[in-house]
Amino acid sequence: MSRQQSLGPVVRVEHGRKVLRVGGVIQSVHVDDAHVPDVWDAMLPDIRPARALILGLGGGTMAQLLTRRYGDVPVIGVERDATVAALARDEFGLGAQPHVRIMVADALAWVRTERATYDCILVDLFTAGKMAHGVLGERFLRDVARLLAPEGTASFNLWRSAYLDDALRRLGRVFTIHERLDVDQNVIVRAGHGELAA
């Protein structure tokens, strides 16, 4: 196998569960009755959303978890890699969930033209363990804020690193940060337009 092939999307069964790896890094897992809560669960909102947007769909773990927790919530999942989107649909079962729409597009460009609003936005824009360039840029964050309903929550998956404080500052310039959850090496930040209601 060439190095190029090994870096592409690969679906395998590991420890009894189906996983999607890109560049050797787990991007998504299939959700079944043996699922143990992890970083993707931490991204989910605490109350049932009316409409959800997932930026960085991957194999669809968060779409599966939203469905298990809240039923047929309308979900749009944006995924840049057409191969990964096809795997989400065919290997991870999203094709059998009509309430989930998969958009093959670059999330940073897609949010610029989207006009609908969502009360739940989940931002998980990593490929092979690296955050996509521009995710913490002001333009993208302002676009996400524009799509977020007034009482909605946006969750961002960040990585614990020397750049975390800077990432939090960037988010804080556009959003009010409500909560920070540390899950292994990930840091989940839940944010919105203002203070949470008491």
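Some values worked out for this structure:
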item: Pair list, Cβ under 6 Å, 6 or more apart: the stretch 109-127 residue closer than 19 Å to Asp41 by Cβ, other residue small (Gly, Ala, Ser) and open to solvent by 60 Å² or more (accessible area, probe 1.4 Å); result: Asp119/Ala50
item: Test for Thr67: is it open to solvent by 40 Å² or more (accessible area, probe 1.4 Å), among the polar types (S, T, N, Q) and not in a strand (DSSP E or B); result: no
item: Yes/no for Arg17 being under 18 Å from Lys130 (Cα atoms), open to solvent by 40 Å² or more (accessible area, probe 1.4 Å) and of a type outside the set (A, V, I, L, M); result: no
item: Selection from the stretch 113-141 of residues that are over 15 Å from Val189 (Cβ atoms), surrounded by 15 or more Cβ atoms within 10 Å (Cβ to Cβ), charged (D, E, K, R) and touching a helix residue (DSSP H, G or I) at 6+ places or on another chain (Cβ under 9 Å); result: Glu114
item: Pairs where the first residue, in the stretch 69-91, is under 21 Å from Met43 (Cα atoms) and the second is of a type in the set (Lys, Arg) and at pLDDT 95 or above, C-beta under 6 Å, 6+ apart; result: Tyr70/Arg48; Pro74/Arg51; Ile76/Arg101
item: Lone unmet requirement of (1) in contact with a strand residue (DSSP E or B) (Cβ under 9 Å, 6 or more places away or on another chain); (2) assigned to a helix (DSSP H, G or I); (3) open to solvent by 60 Å² or more (accessible area, probe 1.4 Å) for Arg12; result: (2)
item: Scope the stretch 32-48; condition surrounded by 16 or more Cβ atoms within 10 Å (Cβ to Cβ), out of contact with any Asp or Glu (no Cβ under 9 Å at 6 or more places or on another chain) and of a type outside the set (A, V, I, L, M); matching residues; result: Asp41
item: Yes/no for Pro49 being over 22 Å from Asp182 (Cα atoms), in a loop (DSSP other than H, G, I, E, B) and not aliphatic (A, V, I, L, M); result: yes
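The values are calculated or read from the model by the stated rules, or taken from the named source; none is laboratory data. Values in this document were obtained by computation on a predicted structure and should not be read as measured data. Cβ: placed from backbone, ideal geometry, glycine included. Neighbour counts: every protein chain shown. SASA here: full protein model, heavy atoms, side chains in, ligands and nucleic acids out. Shrake-Rupley method; radii C 1.70, N 1.55, O 1.52, S 1.80 Å.
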